[in-house]
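A.B. asks: Pasting a structure here, questions to come.
What follows is calculated from the coordinates using simple rules that are stated; it is not laboratory data. Because the structure is predicted, anything quoted here is derived from the model rather than measured. Virtual Cβ from ideal backbone geometry, glycine too; neighbours counted across all protein chains shown.
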Amino acid sequence: MIHSLFLVNSSGDIFLEKHWKSVVSRSVCDYFFEAQERASEPENVPPVIPTPHHYLISVLRHRIYFVAVIQSEVPPLFVIEFLHRVVDTFQDYFGLCTEAAIKDNVVVVYELLEEMLDNGFPLATESNILKELIKPPTILRTVVNTITGSTNVGEQLPTGQLSVVPWRRTGVKYTNNEAYFDVVEEIDAIIDKSGSTITAEIQGVIDACVKLTGMPDLTLSFMNPRLLDDVSFHPCVRFKRWEAERILSFIPPDGNFRLLSYHVSSQNLVAIPVYVKHNITFREGSSQGRFELTLGPKQTMGKAVESVLVSSQLPRGVLNANLNASQGTYTFDPVTKLLTWDVGKINPQKLPSLKGSMSLQAGASKPDENPTIIIQFKIQQMAISGLKVNRLDMYGEKYKPFKGIKYMTKAGKFQTGMQRPHVSCVKA
Amino acid sequence: MSSGSGFGDEKGGSSSVGEPEYGHDPASGGIFSSDYKRHDDLKEMLDSNKDSLKLEAMKRIVAMIARGKNASDLFPAVVKNVACKNIEVKKLVYVYLVRYAEEQQDLALLSISTFQRGLKDPNQLIRASALRVLSSIRVTIIVPIMMLAIKEAASDMSPYVRKTAAHAIPKLYSLDPEQKDQLIEVIEKLLADKTTLVAGSVVMAFEEVCPERIDLIHKNYRKLCNLLIDVEEWGQVVIINMLTRYARTQFLNPNVNVKSDLIKSNPLGEKAFYGSDDEEGKEEKAEAAALAKRKPYVMDPDHRLLLRNTKPLLQSRNAAVVMAVAQLYFHLAPKAEVGVIAKALVRLMRSHSEVQYVVLQNVATMTIKRRGMFEPYLKSFYIRSTDPTQIKILKLEVLTNLANETNISTILREFQTYIKSMDKDFVAATIQAIGRCATNIGEVRDTCLNGLVQLLSNRDELVVAESVVVIKKLLQMQPEQHSDIIKHMAKLTDNIQVPMARASILWLIGEYCEHVPKIAPDVLRKMAKTFTNEEDIVKLQIINLAAKLYLTNSKQTKLLTQYVLNLAKYDQNYDIRDRARFIRQLIVPTDKSGALSKYAKKLFLALKPAPVLESPFKDRDHFQLGSLSHLLNAKAGGYQELPDWPETAPDPSVRNVEVPEWTKCSSREKRKEKKVEKPFYSDSEEESGPTESADSESDSASGSGSGSESEESGSGSESEESREESESEQEDKEDEEDKRKKKKKTDRGKVKAPAVESPERFFFIFSRFRFLILEVQRLASDSCSLRTSCRRWHKKTIAPSGSVKTYELLHRITGEGLGVEYCFSRQPFSPDAHMVAVQIMFTNNTNAETKNLHVEDPKLQSGMRIKEFPEIELLPPGEMVTVVMGIDFCDSTQAANFQLCTHIRKFFVSIQPPVGELMMPVFMTENEFKKEQGQLMGMNEISEKLTLGEKCQNEHGIVQRVTSAANVSRSSCSSSLKSNLQVCRKDGVQWDFSVGYCDGDWHNAGEGYSTGPNPVAP
């Protein structure tokens, strides 16, 4: 299936290669570089590139291209999903998945890749199994290893691979038994300039950090499971139980994992927690333009909107922007024409605003007045869909674990500002 | 500390200080330190006897390999360490070996013996890893060794080793394709494996080695369907894709009856433009005829099984699994059911952009065939300014496919905003999309056209150019109504520079010059002026325009045409020169001009059909969705065509596995429960045909589904059990069904001992100490928990078999009128599984009532226990009462002594268990049974001689004699045991097979055999 893997950094150097079958010359990546050159943006490189003898399937994460070489028919998503899993594993092991981190840990990376694929077919991709085989490097261990010459390869054999719950390693022990669940919801929305919602959806995930001794069996129930329209589970969740009772019943993996991702039914009206009023005007013939932007909270159920960041791609004709922010700081990049405004927390009493003038290229025609505005924000202690966890129970072990649940709402792909033409003007 | 190690330390210290100088920094590498010297250092480290040095060296070597540097000259030094004790060194050596063995074949052979030794290791994980590395070494000379190792590993006890064997198969195949036949045998064997661990890997091997051998799947089809949910994610993808192909060859098209509807309701209205009515009529007639011939469609239960068992996987977190299920539904499900996949696919759109890219490609193909299912999710395909261009364009494609009369106005409104985007490629694609909407939906054609014409005054030239091209296509549909647009466009030639747009305008004017008689010659005049500076594509259109005008309006344009043709004659491009020469010959009448010039007008001004603006994804679905070939729209190497549905269904009975050779043990608790609820199956059930049984199977599955779920939910204590349990409902059903049959068998056995006609395999073994019930079942990894649970299961289900022998406990005379008899009921004793159930029958032969019957003062050997029966308060005269008590004889034949008390008297009694009455139910496979049988010799063996009279020379007679002598009843079993029986008969009279089960603390001997014609064995 997967023949070889090449890691390519943003400047186009291959800095790691691994082959699972016969060696494929790295010159095969030339086809990839060609496609990279043709693409205007890094993310526009086609994920699948056919070459005379091979197919290249690549993903771009953390500004590194992971290029897999395929020789024959294989579902492309299979490879893509696997590559993402590789990146996730690296991230899990090294904290960051950067070129430097990979180069520093090249032996661990190699050992991991060796275990994850056998002859190009995924073998062990569960992080719990991998961690049993190869211990993640920590500063302490690195120091100890250099002194004692011991290894970071697990001494014991990977019994997890044989278990019926392959996602959980055996013999887990903690002095503090804790289980934390983060309910994180993201709002994806496209909002018209006039403030009406074109489309809005809520996507949520429940990320868990479970550190429990032994083989606990957990059940998690919701106050309002009906909200969940579409769900996907970690393999540990018992599907039948969910189908019948809408209860999540599972033996958790050890450590961090994503228990559930869900989609809130689009029939429900999505509360939009912030609004934007903006007015950008350019006068024909003048080299000046006015810029005004005000943010305000809306339907936040009394919770504060934090970490607000506004960014907008201003028209090409704009040379510079001379603005005044009532709070936070703004930057304007005259090359990319990207305006970003780090607002911080929205104070409902004193709404943040950004006002000022823009200078235009002389002689340029009047630019478009409705650039897209992208907003990021966070609201703590609230799941915007109203989803609430009812209770968490543990079976199978005697001790009493500490349980914690946190809610958060974030902006996903939240964009506004574009003006939608009125229906009638289409019909006209 | 010895001096030697001190030296080593010193060296280690110095080398680690000098570490950066080893030159694995690419910059300092090649130039300053010679390769030779650098590798010398590494060699020295590898030769040292300190693991830490070796490890350091190996780490550097691996780092070199990772950077793509050549480290092959270190091979001899590295390969020496293949047997190193340090695990990490060993692993890194493996990495090295696998990388360079191909280049250094001879030296690589040195390592083989290490792996061969590893293959024999008692630890399964070491065996597996040895096989893994051995099979990864691409050296042709070891092919026979590999073959042997794979074959051996394929029958290894550990499923993990078998999984590794499955992985090794494609490796060997790619090394030496000649081994195919032998490998297929191994695949066939592994396909029959029942563990989830192996299933995915072996199907992957199947797909790589022999995807055409679909016949190997038949027998394993149902098992694969049932195991699917518990297979690891990657295996699921492979299995689902393979089963899709399989189903296409084995089942009938579930949509045969709706196909004609589909065509009729085809909403694109394409027919009006480019399908002649006759054709359509014919098609429909043919369809109708075909329909008439067909019987009403009934879905094969196996087809249903596949659909049902894959559906939950739409909830997988793995995008590849979701896509695999989606394509399975798209290709196999009835039209009404395909809709379920839409939601899951839309969910994937939230994922990484590469995933989105692939999913959108597939959604685009799906929306052409089945638009309805994505319509509710229209807004999910709205484009965000942050999407990469390739995603935007795909979303646009989907939106265009989804457009219909009802949603077109919202879609067009979206499109209008997209036109303002700064991403020009995307804007161009949007304009084309508008054009496609206009051609597909007649109602909005004018609106679109107006909108596009407005775009002609856009500031951006690219927008204008693209609009021109699209307008040209739209105008071709109804040119006569739009002469003003053509005029408008003619004016654009002054400004617009994009060649394609200019060419389009010129073509339009030429084509419809009769609608713009005044403007056309003027345009030609302008063009003639700029001819030499135009792009080739424009020049060709200028020549075309000239020719057309010459033919329609030669008075005004004769000179201009001549001029243009003369310019073209000396053009640099030979295409243009050729075209000019050709046109001149055709239109300008000369004496030499041929017959064709008469037809020039017809040639140039023929009515041209309007272009079809259709999706590039049309007809892509002849590739299996989700495949690489589909994505590229070209057949990739190794792609297996998705076969067409068969006209008539192949024999479904090929999938029948006559006797499920295993039962699944993980869901024992539940099964116990269900078992009680279920009524017995009727007799006819057993003989029912294959389809029917499959049918009932699925029925019962759906019927009791909810029951089992609530059962599971009720008990949180089931935690030790895996997911497997709850999800393999179907499987349970199968097992259960044959359990029921078995149970029935047992019951029947009571009445007439030898049930010869039985096709079931079922052993009863009466041991010296315990009752062994042998069932053919699935191998369980955890035999201990299995056993206990099976015991529990059997509490209610095993009926006494054979004739029960009664013993006297208290004669009615010594008992002063109270007669007591007992027998070993061969029932599990429910309060305590270790106890043997003793059934005690009291008969009151006196005239007075006997009261307060109970047990007192038991005198037992150490370890033995007794569970008294509940006190009988009253036994009226002449009446009889039966109670059950449990005695744990502790596997000995010591008697249990106790007092039996009434309200007036006490009697000393004792129960001594006869041989063969101490028993407990145990499940084991036939193989296990044979194995245990083999271990029972000597002390555990009980031999008995039977003399057969003349009259019982037939098998039946012998059987009866033996059953009564051995105190067993009979059932049938596999052919091997049967043959055993025959051998014995030839011997004459002696029966001495020893049978038993060894559990560490007890050994049993007894006799087990089978009889009867066995329909299973071929």
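A.B. asks: To the nearest 10 degrees, how steep is helix A:106-116 against the longest Cα principal axis of chain A, on a 0 to 90 scale?
C.D. replies: The helix A:106-116 is inclined about 70 degrees to chain A.
A.B. asks: How crowded by other chains is B:62-69, given as the mean number of beta carbons from other chains within 10 Å of each beta carbon?
C.D. replies: Working: counts 6, 6, 1, 7, 12, 6, 10, 0.
The shielding value for this peptide is 6.
A.B. asks: A further question follows. Loop only by DSSP, 11 or fewer other Cβ within 10 Å of the Cβ. Give me the chymotrypsin sites (Phe, Trp or Tyr not before Pro) in region B:499-588 that pass, ordered by residue number. Mind showing how you got there, number by number?
C.D. replies: Values: sites: B:Trp507, B:Tyr512, B:Phe531, B:Tyr550, B:Tyr563, B:Tyr570, B:Tyr574, B:Phe582; in loops: B:Tyr512, B:Tyr570.
Taking region B:499-588 and a limit of 11 other Cβ atoms within 10 Å, the loop chymotrypsin sites (Phe, Trp or Tyr not before Pro) found are B:Tyr570.
A.B. asks: Suppose R0 equals 25 Å; then what is the FRET efficiency for B:Arg213 and B:Asn123 from their Cβ-Cβ distance, rounded to the nearest 0.05?
C.D. replies: Values: r = 34 Å, r/R0 = 1.36.
Between B:Arg213 and B:Asn123 the formula returns 0.15.
A.B. asks: So, one more: Summarise the partner chain shielding of A:35-45 as one whole number: the mean count of Cβ atoms from other chains within 10 Å of each residue's Cβ.
C.D. replies: Details: counts 0, 0, 0, 0, 3, 5, 4, 1, 9, 8, 3.
Mean shielding by partner chains, rounded to a whole number: 3.
A.B. asks: Ok, one more. Which order do the peptides B:827-835, A:116-124, B:338-346 take when ranked by the mean count of other beta-carbon atoms within 10 Å per residue, highest first? Walk me through the intermediate numbers first.
C.D. replies: Values: B:827-835: 17.6, A:116-124: 22.2, B:338-346: 20.7.
Answer by packing, highest mean first, reads A:116-124, B:338-346, B:827-835.
A.B. asks: How far apart, in nm, are two points set 7 Å out from the Cα along the Cα-to-Cβ line at A:Arg26 and at B:Arg812?
C.D. replies: 10.0
A.B. asks: Would you mind getting me the FRET efficiency between A:Ser196 and B:Glu185? Use the beta-carbon distance for r and R0 = 56 Å, nearest 0.05.
C.D. replies: Details: r = 67 Å, r/R0 = 1.20.
My answer for the efficiency is 0.25.
A.B. asks: Then there is this: When the helix-only estimate is applied to chain A (DSSP H runs of n ≥ 4, each -39,500 (n - 2.57), divided by the residue count), what is the mean residue ellipticity at 222 nm, nearest 500 deg cm²/dmol?
C.D. replies: Details: 8 runs with 75 residues, N = 428.
The per-residue figure over chain A is -5000 deg cm²/dmol.
A.B. asks: Still on this structure: Can you give the average number of partner chain beta-carbon atoms within 10 Å of each beta-carbon in peptide B:50-59, as a whole number?
C.D. replies: Working: counts 1, 3, 7, 1, 1, 6, 2, 0, 1, 5.
Going residue by residue through B:50-59 and averaging, the value is 3.
A.B. asks: Please report the net charge: other residues with Cβ closer than 14 Å to the Cβ of B:Leu399, K and R +1, D and E -1.
C.D. replies: Working: positive: B:Arg371, B:Lys379, B:Arg384, B:Lys392, B:Lys395, B:Arg413, B:Arg436; negative: B:Glu375, B:Asp387, B:Glu397, B:Glu414.
Every neighbour counted, the sum reads +3.
A.B. asks: Could I ask something else about it? How big is the Rg/Rh ratio for region B:117-223, C-alpha atoms only, Rh by Kirkwood, two decimals? The partial results should precede the final answer.
C.D. replies: Values: Rg = 12.9 Å, Rh = 13.5 Å.
Answer for region B:117-223: 0.95.
A.B. asks: Taking a threshold of 20 Å on the Cα-Cα distance, which of the pairs A:Lys303/B:Lys343; B:Lys539/B:Lys598; B:Lys491/B:Lys601; B:Lys163/B:Lys189; A:Lys388/A:Lys410 fall above it?
C.D. replies: Beyond 20 Å between Cα atoms: A:Lys303/B:Lys343; B:Lys539/B:Lys598; B:Lys491/B:Lys601.
A.B. asks: Okay, moving on. Determine the shape class of region B:404-499: with a ≥ b ≥ c the square roots of the Cα gyration tensor eigenvalues, call it rounded for a/c under 1.5, and otherwise prolate if a/b is greater than b/c, oblate otherwise.
C.D. replies: Values: a/c = 2.16, a/b = 1.12, b/c = 1.92.
Oblate, since a/c reaches 1.5 and b/c is not below a/b.
A.B. asks: Packing-wise, with mean Cβ within 10 Å as the measure, how do B:193-201, B:894-902 rank, highest first?
C.D. replies: Values: B:193-201: 23.7, B:894-902: 18.3.
Highest mean packing first, the order is B:193-201, B:894-902.
A.B. asks: Any idea what log10 I(q)/I(0) is at q = 0.23 Å⁻¹ for region A:236-294, Debye with uniform C-alpha scatterers and no solvent?
C.D. replies: -1.00
A.B. asks: How many angstrom lie between the C-alpha centres of region B:561-628 and region A:85-113?
C.D. replies: A separation of 58 Å, based on Cα centres.
A.B. asks: So how compact is chain A: Cα radius of gyration and Dmax in angstrom?
C.D. replies: In order Rg, Dmax, the Cα atoms of chain A give 25.6, 80 Å.
A.B. asks: Now for a separate question. Figure the gain on full extension for B:Glu103 and B:Glu614 (residue separation times 0.36 nm, minus the Cα-Cα span) and round it to one decimal in nm.
C.D. replies: Numbers: separation 511, 0.36 × 511 = 183.96 nm, distance 5.22 nm.
Value of the extension gain: 178.7 nm.
A.B. asks: Can you tell me the FRET efficiency between A:Tyr275 and B:Glu405 if r is taken as the Cβ-Cβ distance and R0 is 22 Å, rounded to the nearest 0.05?
C.D. replies: Numbers: r = 34 Å, r/R0 = 1.56.
About 0.05, to the nearest 0.05.
A.B. asks: Express in whole angstrom the spacing between the alpha-carbon centres of region B:140-167 and region B:396-467.
C.D. replies: 60
A.B. asks: Which of B:Arg584, B:Arg347 has the fewest other C-beta atoms within 10 Å, and how do the rest follow up to the most? Walk me through the intermediate numbers first.
C.D. replies: On the way: B:Arg584 19, B:Arg347 24.
Ranked by crowding around the Cβ, least crowded first: B:Arg584, B:Arg347.
A.B. asks: Also, quick follow-up: Of the trypsin sites (Lys or Arg not before Pro) in region A:1-85, which ones lie in a loop per DSSP and count no more than 14 other C-beta atoms within 10 Å?
C.D. replies: Working: sites: A:Lys18, A:Lys21, A:Arg26, A:Arg38, A:Arg61, A:Arg63, A:Arg85; in loops: A:Lys21, A:Arg63.
Hits after loop and neighbour filter: A:Arg63.
A.B. asks: Additional query: Just for the Cα atoms in region B:529-604, what are the lengths along the principal axes, largest first, rounded to whole Å?
C.D. replies: Computed over region B:529-604, the largest-to-smallest principal extents equal 33, 25, 19 Å.
A.B. asks: Which of B:His622, B:His482 comes first, and how do the rest follow, when ranked by fewest Cβ neighbours within 10 Å? Each step should come with its number before you reach the end.
C.D. replies: Working: B:His622 11, B:His482 21.
In order of increasing Cβ crowding within 10 Å: B:His622, B:His482.
A.B. asks: Next question, about the same structure. Please arrange B:Lys487, A:Lys403 by counting, for each residue, the other beta carbons lying within 10 Å of its beta carbon, fewest first.
C.D. replies: Starting with the residue having the fewest Cβ neighbours, the order is B:Lys487, A:Lys403.
A.B. asks: Also, I was wondering about something else. Who wins for biggest fluctuation among A:Ser27, A:Ser194, A:Ser326 in a Gaussian network model of chain A, springs between alpha carbons below 10 Å?
C.D. replies: The residue with the greatest mean-square fluctuation here is A:Ser27.
A.B. asks: As an exercise, find the ratio Rg/Rh for region B:536-580 from alpha-carbon atoms, using the Kirkwood inverse-distance average for Rh. The partial results should precede the final answer.
C.D. replies: Working: Rg = 10.0 Å, Rh = 10.3 Å.
Expressed as Rg/Rh, it is 0.98.
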